[in-house]
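Notes to accompany the following structure.
The values are calculated or read from the model by the stated rules, or taken from the named source; none is laboratory data. As the structure is a computational prediction, the values presented were derived from the model and not from experiment. Reconstructed Cβ throughout: ideal geometry from the backbone, glycine too, with neighbour counts over all protein chains shown. Side chains are part of the model used for accessible areas, which takes the heavy atoms of the whole protein and leaves out ligands, DNA and RNA. Shrake-Rupley method; radii C 1.70, N 1.55, O 1.52, S 1.80 Å.
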Amino acid sequence: MLSHVEVTARVTVTPAAHFVWSNRLDFVHDCLVCLRVGRVVRLQHGMPYGLCTGDEHPAPMRVSAFDASDHGAERRLRCRISSWWAPFSDLVEPEVQASELTAEPWVQLNYRVGCHTCRDNGVGEWLGIEGCLKSGAAPEAGSCPRCGTELVSAAAVPEIDLVG
Ligand SMILES: [Zn+2]
Ligand SMILES: [Zn+2]
């Protein structure tokens, strides 16, 4: 059956930051193709299928909506992950049953942030700072490694919800 999950995330940036969400994310899923629970699937918005890590097989899962929006200093991302799902028992641990939303949902979202202070000072590589938000890890505020200007002042752990 077709299943949809919504992932939402929020980051607060300073006026010195140029913030861009990456269209790549990693998502943990009970994979119907390799019949294993808790597999990390690599997804990219615009790709028609995901890649299940392990043996990198194609997975019937894609980012079906990817909406970035700005609310004042807050940068929000809402993405919908659509996949084909059916019940199964884990191939290696047959007593473990797969769920539509895996037992310990996990996602990693990535972003890139640039420093306007460095840009204004003529630094060539002012846009190259990468960061991520992931489940189970306290998000980090971030400053420019070159000039120390605060860029990301707050961030929240991403939320994962099964949607109808
Ligand atoms: Zn798989
Ligand atoms: Zn800087």
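Apply 1/(1 + (r/R0)^6) to the Cβ-Cβ distance of Asp70 and Glu140, taking R0 = 22 Å, and write down the FRET efficiency to the nearest 0.05.
FRET efficiency, Asp70 to Glu140: 0.60.
Considering all projection directions equally, how large on average is the shadow of the alpha-carbon convex hull of the chain, in square nanometres?
Mean shadow area of the hull around the Cα atoms is 10.4 nm².
On the accessible surface of region 2-163, probed at 1.4 Å, how many percent belong to carbon and sulfur atoms?
About 50 percent, which is the carbon plus sulfur part of the accessible surface.
Need the full-extension length gain, Asn110 to Arg80, defined as separation in residues times 0.36 nm minus the C-alpha distance. One decimal, nm.
In short, 9.3 nm is gained.
Within a Cβ distance under 9 Å of Trp126, other residues only, what is the Lys/Arg minus Asp/Glu net charge?
Details: positive: Arg119, Arg146; negative: Asp120, Glu125.
Net charge around Trp126: 0.
Taking amide H positions as placed 1.01 Å from N in the peptide plane, with prolines and chain starts having none, which residues 5 or more places from Trp106, or on another chain, fall under 5 Å of its amide H?
Val28
Name the long-range amide H neighbours of Phe19: under 5 Å, sequence gap of 5 or more, or other chain; modelled H, no Pro or chain starts.
Gly114
Could you state the accessible area per residue of the chain in Å², with a 1.4 Å probe and every protein chain left in place?
Numbers: 8550 Å² over 164 residues.
Ligands and nucleic acids excluded, the result is 52 Å² per residue.
As an exercise, use a Förster radius of 41 Å and the Cβ-Cβ distance of Glu130 and Cys34 to find the FRET efficiency, rounded to the nearest 0.05.
E between Glu130 and Cys34, to the nearest 0.05, is 0.90.
How far apart, in nm, are the 7 Å Cα→Cβ label points at Asn121 and His57?
5.2
Of Val152, Val33, Val41, which is the most mobile in a GNM of the chain whose springs link Cα atoms less than 10 angstrom apart?
Most flexible of the set in this elastic network: Val33.
Using θ = phi - 60° and the Karplus curve 6.51 cos²θ - 1.76 cosθ + 1.60, what whole-Hz ³J(HN,Hα) does each residue of region 118-129 get, with Gly and Pro shown as x?
Here the 3J(HN,Hα) series is 5, 4, 5, 8, x, 6, x, 9, 7, 9, x, 8 Hz.
From the phi of every residue in region 44-58, what ³J(HN,Hα) in whole Hz does the Karplus formula 6.51 cos²θ - 1.76 cosθ + 1.60 yield, where θ is phi - 60° and glycine or proline is x?
9, 4, x, 8, x, 8, x, 10, 7, 6, x, 10, 6, 7, x
Determine ³J(HN,Hα), in whole Hz, for all residues of region 82-98 in sequence, where each value follows from phi through the Karplus function 6.51 cos²θ - 1.76 cosθ + 1.60 and θ = phi - 60°; x replaces Gly and Pro.
So the Karplus estimates, Gly and Pro as x, are 10, 8, 9, 9, 8, x, 7, 9, 4, 4, 9, 10, x, 6, 8, 9, 6 Hz.
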